[in-house]
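Chemist: Next up is a structure, given as structure tokens.
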Amino acid sequence: MTPKEEIQKLTDEVNQHNYNYYMLDNPTISDYDFDILLARLVDLEKQYPEYALPDSPTQRVGGTVTKQFRTVRHIYPMLSLGNTYSEADLQEFNRRVESLVHDNLEYVCELKYDGVAISLIYENGYLSRAVTRGDGVQGDDVTANVKTIKSIPLKLRGDYPPLLEVRGEILMPYSAFEALNREREDIGEPPFANPRNAASGSLKLQDSSEVARRGLDFHLYYALGENLPCDNHYDRIMKLADWGFRKVQVITKTKNIEGVFGFIGEWNEKRKSLPYAIDGIVIKVNSYTQQQQIGATAKSPRWAIAYKFKAERVSTPLLSIDYQVGRTGIVTPVANLAPVQLAGTTVKRATMHNNDFITSMDIREGDWLFVEKGGEIIPKIVGVDMEKRQAGSQEVRFVTTCPECGAVLVNNEGEAGIFCPNEQSCPPQIKGRLEHFISRKAMNIESLGEGKIEMLFENGLVRDIADFYNLTYNKLFGLEKKIESIDNKGDRILSFKDKTVENILSGIEKSKQVPFARVLFALGIRYVGETTAKKLARHFKNIDVVSSATKEELMQVDDVGERVADSIVNFFNNAGNLQTVVRLREAGLNFETKDEISKLGTALDGKSIVVSGVFSVPRDEIKQKIEDYGGKNVSSISKNTDFVLAGEKMGPEKRKKAENLGIPIISEEDFYIMIGEK
């Protein structure tokens, strides 16, 4: 087979597996085998770039760097929908429609996704352009970034038309949003306020390989083009599944406004269980003929309307502001609020993010603040109740010195965060670095935690991450700390007894097997997250080369821009940090990349495992165990799955599918026995 033929074969094969996985939710190959096929295709395309095809799945992993996004005019204007929170407005909408359409009126109800509107243009079956809504007449060309989203087909299937425009919403699921914010906080970046902002920011990143990491998803809601089949919206949306798009799962037809209200009531409750954010329901007249008959204004179609769910909002007084110092020195203001009930819980505190947030909202001392639950989970401040503002109220003035150590705070140009520069002596920064070092994605010293770190710090045993490796039985045994009650059940004593001390020392010893990439991440270099650490380790191979690399050399690594490179150079120019690295190396930590993959054992070698349900430890920890023992985590059950690891509340559909395919289902206890940890 010639290289050209093999590239064609692999392209078709990998695209089919992507389609099975992301569109049909029915994988027919293990993740490992898929990765082997994709790696082979990547290698061939590097050798023979002239044979790479326009629908190559290698575009899914990104790699294109866009310095400026071109402005593109839409083929058809992207009108915005009229919004309402009122059932009376929906009744009025229905009366207007009925006055213009007298026979066979039918509505289609869909979820109103809370994401970023996108227009996808397909020419002769290939995705040729992806454009943001912009001002409705023209938007930004973000094609390279959109091609990394696996739920968007790069090539259509079946009897597709020569020119097709598909519109939809690009979303960031809650799980991806939470993971991204955890990573941003780890490297000292401010977290995104909500999934929509995160999705919007991700689409405008210059490096498409970073977009590929963000876990974006796509949900369609409209199709346009000349001479398209189907004379109504519902059937055309269903037809898109024949052309390679994921089938729309939540959509219904109804012949009257009562059916619309029923759908709204159903999803006002069900939306809380969705894995992504919606903020309402879209109601459309189904018939295209009737849509044309009803018409549109310059801004909005008259045949459609969006009913937006009311976010539960309360107004409560701002009592005071705490200023918290994080691991990287970032100072975060937190509002202390008069306790108030919101969406079933009592809210007392909410983040104010940074000084820019306080200034943009013009928050003043003694103000009453409007608070909502973001995604029905996180309390967030959304405004000031101006009617309750007191005359002569004073502006909130952000602290100028560190509330913990007294150092003068710094605000670097171009950064929203204000931070304490006293990284060597500021207590919360020191404790934050210690906690980061032992965390699961870093050194994974399970026997230590925040409470025990506090004890070690207060007793002067650990002030530097290298101090962990100087701990001995005699230093630890007998340490005690009173833990004050927060639930009226009485204070308790945290005490280091024999077993506790043995577990701590054993965990510290085991951490010496952690691979170099995780050790590099554990050092806590500002802006160096887990992924960047892996790329640095892969590129430079050992700590000596990383520490002596110039800014220009560092910027040759994917994901390392000017700010990250400066941070790495500054870290290794610090004599204290270099001394810490020397001590860690003397303690026996890995400071070079090994050829083989570091594992704790081979009990799960080659096995594809699906994890479902709730466990005694975080699910990420279970998945890490699987990788540590040679297994591979897969998200969907197929005939290639070796077994399902089931916790409490395992999904009934997954259980049913596993039983139908005869896939073994094992408990958490059986899993630990299998890997020899019980």
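The values are calculated or read from the model by the stated rules, or taken from the named source; none is laboratory data. These figures come from a predicted structure and were not determined experimentally. Cβ sites come from the backbone with ideal geometry, for glycine too, and all protein chains shown count toward neighbours.
Chemist: Condition first: surrounded by 19 or more Cβ atoms within 10 Å (Cβ to Cβ) and of a type in the set (Ser, Thr, Tyr). Now tell me which residues in the stretch 149-165 satisfy that. Talk me through it step by step, then tell me what you get.
Modeler: Going through the stretch 149-165, the residues surrounded by 19 or more Cβ atoms within 10 Å (Cβ to Cβ) turn out to be 149-150, 152-156, 160, 164-165.
160, the sole residue that qualifies.
Chemist: If you don't mind, there's one more thing I want to ask. Tell me, yes or no, whether the stretch 323-330 has at least one residue that is farther than 30 Å from residue 425 by Cα, surrounded by 14 or more Cβ atoms within 10 Å (Cβ to Cβ) and in contact with a His (Cβ under 6 Å, 6 or more places away or on another chain). Spell out the reasoning first.
Modeler: If we filter the stretch 323-330 for residues that are farther than 30 Å from residue 425 by Cα, which is where we start, we get none.
The answer is no; no qualifying residue exists.
Chemist: What residue, among those in the stretch 74-95 that are over 21 Å from residue 114 (Cβ atoms) and crowded, with 17+ Cβ neighbours inside 10 Å, is nearest to the chain's Cα centre (by Cα)?
Modeler: Only one residue tops the list, namely 74.
Chemist: A further question on this structure: Take residue 569 and decide whether it is at pLDDT below 95, of a type in the set (A, V, I, L, M) and outside the structural domain of residue 665 (by TED's automatic domain parsing).
Modeler: Taking the combined requirement at face value, the residue does not satisfy it.
Residues are listed down the side, and each one gets a yes or a no for (1) within 26 Å of residue 576 (Cβ to Cβ); (2) of a type outside the set (A, V, I, L, M, F, W, C); (3) within 27 Å of the chain's Cα centre (by Cα):
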| position | (1), (2), (3) |
| --- | --- |
| 404 | yes, yes, no |
| 409 | yes, no, no |
| 438 | yes, no, yes |
| 443 | yes, no, yes |
| 446 | no, yes, yes |
| 465 | yes, no, no |
| 468 | yes, no, no |
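Chemist: Please state which one of 44, 37 is surrounded by 19 or more Cβ atoms within 10 Å (Cβ to Cβ), touching a helix residue (DSSP H, G or I) at 6+ places or on another chain (Cβ under 9 Å), more than 26 Å from residue 224 (Cβ to Cβ) and modelled with pLDDT of 85 or more.
Modeler: Working: 37 fails: surrounded by 19 or more Cβ atoms within 10 Å (Cβ to Cβ).
Just one listed residue meets the conditions, 44.
Chemist: Considering the stretch 259-276 alone, what residues qualify as being farther than 14 Å from residue 311 by Cα and either under 19 Å from the mean Cα position of the chain (by Cα) or not assigned by TED's automatic domain parsing to the domain that holds residue 106 (or both)?
Modeler: 273, 274, 275, 276
Chemist: Inspect the stretch 38-55 for any residue being acidic (Asp, Glu), within 25 Å of residue 218 (Cα to Cα) and out of contact with any strand residue (DSSP E or B) (no Cβ under 9 Å at 6 or more places or on another chain) and give the result as yes or no.
Modeler: Taking the stretch 38-55 first, the residues acidic (Asp, Glu) are 43, 45, 50, 55.
Subset that is within 25 Å of residue 218 (Cα to Cα): 55.
Checking the rest, the ones that are also out of contact with any strand residue (DSSP E or B) (no Cβ under 9 Å at 6 or more places or on another chain) come to none.
Looking for residues that are acidic (Asp, Glu), within 25 Å of residue 218 (Cα to Cα) and out of contact with any strand residue (DSSP E or B) (no Cβ under 9 Å at 6 or more places or on another chain), one finds none in the stretch 38-55, hence no.
Chemist: Related question: Under 7 Å by Cβ, and 6 or more places apart or on different chains, what pairs join a residue from the stretch 51-70 that is surrounded by 17 or more Cβ atoms within 10 Å (Cβ to Cβ) and among the hydrophobic types (A, V, I, L, M, F, W, C) with one that is at pLDDT 85 or above and part of a strand (DSSP E or B)?
Modeler: Within 7 Å, the pairs are 69/140; 69/141.
Chemist: OK, next. Kindly list, by first and then second residue, each pair from a residue in the stretch 170-187 that is in contact (Cβ under 8 Å) with a residue 40 or more places away in the chain to a residue that is of a type in the set (Asp, Glu), limited to pairs with Cβ atoms under 6 Å and residues at least 6 apart or on different chains.
Modeler: From residues that are in contact (Cβ under 8 Å) with a residue 40 or more places away in the chain, the pairs are 171/217; 173/217.
Chemist: Taking the stretch 217-258 as the search range and keeping residues that are of a type in the set (D, E, K, R) and assigned to a strand (DSSP E or B), which one is surrounded by the most Cβ atoms within 10 Å (Cβ to Cβ)?
Modeler: Taking the stretch 217-258 as the starting set, the residues that turn out to be of a type in the set (D, E, K, R) are 217, 226, 231, 235-236, 239, 242, 246-247, 253, 255, 258.
Going one step further and asking which of them are assigned to a strand (DSSP E or B), we end up with 217, 253.
Details: 217: 22, 253: 15.
Ranking the candidates gives 217 first.
Chemist: What tally of residues in the stretch 278-317 results from selecting those that are touching a strand residue (DSSP E or B) at 6+ places or on another chain (Cβ under 7 Å) and of a type outside the set (Phe, Trp, Tyr)? Write out each step before concluding.
Modeler: First, pick out the residues of the stretch 278-317 that are touching a strand residue (DSSP E or B) at 6+ places or on another chain (Cβ under 7 Å): 278-288, 291, 294, 302-309, 311-317.
Narrowing further to those that are of a type outside the set (Phe, Trp, Tyr): 278-287, 291, 294, 302, 304-306, 308, 311-317.
Residues meeting the conditions: 24.
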